[in-house]
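Scroll down for the structure; my scribbles are underneath it.
The values are calculated or read from the model by the stated rules, or taken from the named source; none is laboratory data. Just so we're clear, the structure is a prediction, and the values are computed from it rather than from any experiment. Here the Cβ positions follow ideal geometry from the backbone for every residue, glycine too, while neighbour counts run over all protein chains shown.
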Amino acid sequence: MKRTSIALAAGAVIAAVAFAAAALAAAAPEAAASSFERENTEWRAWRRERLTSETGWVSLIGLHWLREGDNLLGSAPEARLALPVDRAPATLGVLRLIAGEVTLIPEPGSGLTADGESATASILLGTDADEETTQLGFGSLDMYVIERGERLGLRVRDAEAKLRKEFPGLDYFRADPAYRVEARFAPNPPGSTVKVVDVLGMVGDIPSPGRVEFELLGSTYSLTALDDTGDGRLFLIVGDRTNGYDTYGAGRYLYAAAPVDGTTVVDFNRLYNPPCAFTAFSTCPLPPKENKLPLRIEAGEKKFDLEAHP
């Protein structure tokens, strides 16, 4: 009798363990799916927060190209670096461009700041191509000099920009694990660059650490990776057959983590619109020819209707 009880007890334990194991096995995919959805939700929230911050792309209200010599900064009708009349006085100062260098000559008592300090004397401005970019400020305006090829321009942001204050949100395809793939990294020789055209038609040489090769929806593809941060991440400018229809016509952007042991993960659910989708005052690089993939990537951010939100 005791042997029978022991056998029955042992059987019950085995059955319980088997049931628990089956339950855990069934729960594992659900947990993975839940984690995938949560991570995508968090990323989308981060994306919106960054885009709509005071220095985000939807705060951009102007891009003015400098000419050699003096460029008046202010809201005066004759100002080459024109600012909104409800945001700035007629004259804040002059940006003097001489032989590729820009000097700020502030208007006395204007209230203009440079890197948070009152601008009371002439200073040489650092551009976005320098180690330190000089930030000019006045009220809700934030301004800095950008360098694009041989051209220099003043980019203007406004924390009170209409689009920033009334931003309607972003639209996405449904997050799909099938668009999250492991990719093999094929490195380029050190110092390699590729020529990339931007929306202004200017061509720049951008560092290219290599290519990522992967399988997606049953076929093999590869993308040229760029380095625009210097932190090891791979910057991918991607074109596909949704462009101009469901997604922004000039392609979308994506970052992949720095490769480890020759591999990285490319998550197309995190494709996002370039700044040019939200403003006419940006200078977005376009996908290299080899990065225009012959398929529809129904993942990531959909197009933004800029005309509906002038």
Which of (1) buried (at least 19 other Cβ atoms within 10 Å of the Cβ); (2) in contact with a Cys (Cβ under 9 Å, 6 or more places away or on another chain) is the odd one out, the single condition Phe278 does not satisfy? (2)
Within the range 172-220, considering residues that are surrounded by 13 or more Cβ atoms within 10 Å (Cβ to Cβ) and of a type in the set (Asp, Glu), the one nearest to Arg296 (Cα to Cα): Asp176
Condition check for Arg80: of a type in the set (D, E, K, R), in contact (Cβ under 8 Å) with a residue 60 or more places away in the chain, surrounded by 14 or more Cβ atoms within 10 Å (Cβ to Cβ) and at negative phi: no
Cβ pairs under 9 Å, 6+ apart, first in the range 32-57 and within 14 Å of Asp267 (Cα to Cα), second in a helix (DSSP H, G or I) and of a type outside the set (S, T, N, Q): Phe36/Pro177; Asn40/Arg270; Trp43/Arg270; Arg44/Arg270
Can you confirm whether the range 32-45 contains a residue that is hydroxyl-bearing (Ser, Thr, Tyr), at pLDDT 95 or above and surrounded by 13 or more Cβ atoms within 10 Å (Cβ to Cβ)? no
Can you tell me which residue among Arg252, Arg241, Arg233 is in the same structural domain as Asn291 (by TED's automatic domain parsing), of a type in the set (Lys, Arg) and buried (at least 19 other Cβ atoms within 10 Å of the Cβ)? Arg252
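If I go through the range 186-197 residue by residue, how many of them are part of a strand (DSSP E or B) and either modelled with pLDDT under 95 or more than 20 Å from the chain's Cα centre (by Cα) (or both)?
Selection size over the range 186-197: 3.
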Yes/no for Ala299 being more than 26 Å from Arg155 (Cβ to Cβ), crowded, with 18+ Cβ neighbours inside 10 Å, of a type outside the set (S, T, N, Q) and within 13 Å of the chain's Cα centre (by Cα): no
The one condition in (1) without any contact (Cβ under 8 Å) to a residue 40 or more places away in the chain; (2) within 24 Å of Thr229 (Cβ to Cβ); (3) assigned by TED's automatic domain parsing to the domain that holds Thr91; (4) assigned to a strand (DSSP E or B) that Ile146 fails to fulfil: (1)
So which residues in the range 151-205 are over 26 Å from Val266 (Cα atoms), without any contact (Cβ under 8 Å) to a residue 24 or more places away in the chain and touching a Gly at 6+ places or on another chain (Cβ under 7 Å), if there are any at all? none
Determine whether Thr134 is at pLDDT 95 or above, part of a loop (DSSP other than H, G, I, E, B) and among the hydroxyl-bearing types (Ser, Thr, Tyr). yes
